[in-house]
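A.B. asks: Below is a structure I'd like to ask you about.
The values are calculated or read from the model by the stated rules, or taken from the named source; none is laboratory data. Since this is a predicted model, take the numbers as computed values, not measurements. Note that we place each Cβ from the backbone using ideal geometry, even for glycine, and neighbour counts take in every protein chain shown. These area figures cover heavy atoms from the full protein model, side chains too; ligands, DNA and RNA do not enter into them. Shrake-Rupley method; radii C 1.70, N 1.55, O 1.52, S 1.80 Å.
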Amino acid sequence: MGLGKTIERKMFMPNESFTLKQLRGLNGLTQKQLAEKVGVVESTVSKWERGIAYPDVPKIELIEKALNVPYADINFYPIGTLKVYQNEKHLVN
């Protein structure tokens, strides 16, 4: 069950990205289900969601298709990571 194009445009604001975990949840998929659609094991999806590992380009293309969302709208960093990075960058500047 993927997000329909009409629903997708209503839910997603322009230039807004969601974490892989959020997108998976919005599509009603478990880690195991997404893993099967992308051709990896469940633990690989878990690593992607936690920012321990990142998918290669062929897998990203399959993720886009499975979640019905373009790469630009997928944030491959776990929730809070970007905020921490921005705070650290602010401290350096």
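A.B. asks: What list of ³J(HN,Hα) values in whole Hz, one per residue of the stretch 44-52 in order, does the Karplus curve 6.51 cos²θ - 1.76 cosθ + 1.60 (θ = phi - 60°) give from phi, with Gly and Pro shown as x?
C.D. replies: 5, 4, 4, 5, 4, 5, 8, x, 7
A.B. asks: Spin-label point model (7 Å from Cα, Cβ direction): what's the Lys59 to Val41 distance in nm?
C.D. replies: The answer from the label model is 1.2 nm.
A.B. asks: Run the quick spin-label model on Ala72 and Lys32: label points 7 Å from Cα toward the beta carbon, then report their separation in nm to one decimal.
C.D. replies: With each label point 7 Å from Cα toward Cβ, the separation is 3.6 nm.
A.B. asks: For Thr19, which sequence-distant residues (separation of 5 or more, or a different chain) have an amide H within less than 5 Å of its own amide H, given hydrogens modelled in the peptide plane?
C.D. replies: Asn75
A.B. asks: Determine ³J(HN,Hα), in whole Hz, for all residues of the stretch 63-69 in sequence, where each value follows from phi through the Karplus function 6.51 cos²θ - 1.76 cosθ + 1.60 and θ = phi - 60°; x replaces Gly and Pro.
C.D. replies: 5, 4, 5, 5, 9, 6, 8
A.B. asks: Whole-Hz Karplus ³J(HN,Hα) for the stretch 19-33, in order, using 6.51 cos²θ - 1.76 cosθ + 1.60 and θ = phi - 60°, x for Gly and Pro?
C.D. replies: 5, 4, 5, 4, 5, 4, x, 4, 8, x, 10, 7, 4, 5, 5
A.B. asks: Give me the percent of the accessible area of the stretch 27-75 that comes from carbon and sulfur atoms, probe 1.4 Å, all protein chains in place. Intermediate results must be reported in sequence, preceding the final value.
C.D. replies: Values: 1440 of 2690 Å².
On the stretch 27-75, the fraction of accessible area on carbon and sulfur atoms equals 54 percent.
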